[in-house]
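Undergrad: This structure is in structure tokens; I'll ask about it shortly.
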Amino acid sequence: MRILSVVGARPQFVKLAPVSRALSGVAEHLVVHTGQHYDELMSDVFFADLGIPEPNVNLAVGSGSHGAQTGAMISALESVLQAHQPDWVLVYGDTNSTLAAAIAAVKLGLPLAHLEAGLRSFNRAMPEEHNRVLTDHAADLCLAPTELAIRHLSREGLAARSVLVGDVMTDVLYIVRDRVLAEPPPLPWNDSDSVVATIHRAENTDDPAQLAAVIDAIAGVDRPVRLLAHPRLRAAAHRAGVVLEREGITLHDPLPYPQLIAAVMRSVGVVTDSGGLQKEAFLLRRLCTTVRAETEWVETVESGWNTLVGSRLRDLPAEVSRAMPPEPVDNPYGDGHAAERVAAALRDAQSRR
Ligand code: UD1
């Protein structure tokens, strides 16, 4: 069985790591990097730290408007997919790289599997919501991380093509957490009472008034805030004249994955609009305050470990200082062996074709 994974953005490299390990020796696995993320700290360090083999192909598409970026990826992927004729094109999550590979695969009649299928924010202003819905409906196999994702897929008529595998980000998180506990990596700061913050979503960065309000709210937190700045945030703040580094906020570059996990473990909480970080905070039992009005990872909110402040930014500082909730009763994100189930699901679905 030949599987061709298409990745391009930071969270996809994290998801690729356990999948690549689970497929090793079981299938021929080719990796295509679209080049959506290209800075060393946004791409190369993930391959090095997570032991992912070098991509077989890098399309070096780079940044651009949604249409230009997605179109360039579809065009470049077509000849790569044609040349390799994989048994599965495997796509991850909800970025423009995901949608581009989905379109390129189905137009060539190649079987498509979508990992992290069935997540929904129901916010149609989010580019990622369109990417994930369109990819799920194009896919021949929807690999879902949670029971709720399976329910969404069933409601949309996709039950027959869907398999619950668990969350592959949980697989990698548990491995990296144990490594970090055994040998803590150095961090750019030494204190253990700070809050780790990341902001990069278009809805928070691209409107200058919203960006200013988000950064003002974060500056109101009564703990030192370590703001790990995605390049999109820096560029947007520069354009809007919003000062990121101010009393209470220290600016840092994005961290490599093991350092990010170490930073969360050493923190008193997280403020973010990232999807993955909400879940990582939950699994590491750190309070998360999410700067969005909704989330795909609703289980983190239901358990009390995550709260959404997108529509009430004024409450952000108080929410960051809220009391710890009780230990969650169950683990909605799986047992850390999701990637093995991905490999099995791909094999089973192929044998039924
Ligand atoms: C993308 C995904 C988002 C995901 C995020 C993870 C889409 C629509 N969005 O958003 O779902 O949560 O990745 O980080 O696919 N840039 C650099 N260097 C890089 C990459 C980007 O400087 O290596 C800058 C460029 O100015 C670029 C901007 O960041 O225009 C945005 O990058 P882009 O890949 O378009 O989207 P992200 O915001 O990273």
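Undergrad: Taking every Cα atom in the range 291-353, find the radius of gyration and the maximum pairwise distance Dmax, and write them in Å.
TA: In order Rg, Dmax, the Cα atoms of the range 291-353 give 18.0, 54 Å.
Undergrad: For the ranges 308-317, 36-45, what's the packing order if you count other beta-carbon atoms within 10 Å of each residue, average per peptide, and put the highest first? Let's see the in-between values first.
TA: Numbers: 308-317: 16.4, 36-45: 18.0.
My ranking of the peptides, most packed first, is 36-45, 308-317.
Undergrad: For the range 108-117, just list the computed ³J(HN,Hα) in residue order, Karplus coefficients 6.51, -1.76 and 1.60, θ = phi - 60°, integers in Hz, with x standing in for Gly and Pro.
TA: 8, x, 8, x, 10, 10, 10, 8, 6, 6
Undergrad: Using modelled amide H (1.01 Å from N, peptide plane; none on Pro or chain starts), what sits under 5 Å from the amide H of THR307, excluding residues fewer than 5 places away?
TA: Placed amide hydrogens put CYS288, THR289, THR290 under 5 Å from THR307.
Undergrad: List the residues whose amide H sits under 5 Å from the amide H of ALA117, counting only those 5 or more places along or on another chain, with H placed 1.01 Å from N in the peptide plane.
TA: Residues meeting the amide H criterion: LEU143, ALA144.
Undergrad: What do you get for Rg/Rh of the chain when both radii come from the Cα atoms and Rh is the Kirkwood radius? Please report the intermediate quantities before stating the final value.
TA: Numbers: Rg = 19.5 Å, Rh = 20.5 Å.
Taking Rg over the Kirkwood Rh, I get 0.95.
Undergrad: Still on this structure: Over the range 183-320, with the other protein chains present, what is the accessible area per residue in square angstrom, probe 1.4 angstrom? List each step's numbers first, then the result.
TA: On the way: 5180 Å² over 138 residues.
About 38 Å² of surface per residue is accessible.
Undergrad: In the chain, carbon and sulfur make up what percent of the accessible area (probe 1.4 Å)?
TA: Numbers: 7220 of 14100 Å².
Reported share for carbon and sulfur atoms: 51 percent.
Undergrad: Still on this model: Could you state the principal axis extents of the C-alpha atoms in the range 1-118, from the largest down, to the nearest angstrom?
TA: Between the extreme Cα coordinates on each principal axis of the range 1-118 lie 34, 33, 29 Å.
Undergrad: Strictly greater than 25 Å: what percent of every Cα pair in the range 183-320 meets that? It would help to have the intermediate numbers written out before the result.
TA: On the way: 1684 of 9453 pairs.
The share of Cα pairs beyond 25 Å in the range 183-320 comes to 18 percent.
The values are calculated or read from the model by the stated rules, or taken from the named source; none is laboratory data. Because the structure is predicted, anything quoted here is derived from the model rather than measured. Neighbour counts are summed over all protein chains in view; Cβ atoms, including those assigned to glycine, are modelled from backbone coordinates with ideal geometry. The area values use the complete protein model at the heavy-atom level, side chains included, leaving out ligands, DNA and RNA. Shrake-Rupley method; radii C 1.70, N 1.55, O 1.52, S 1.80 Å.
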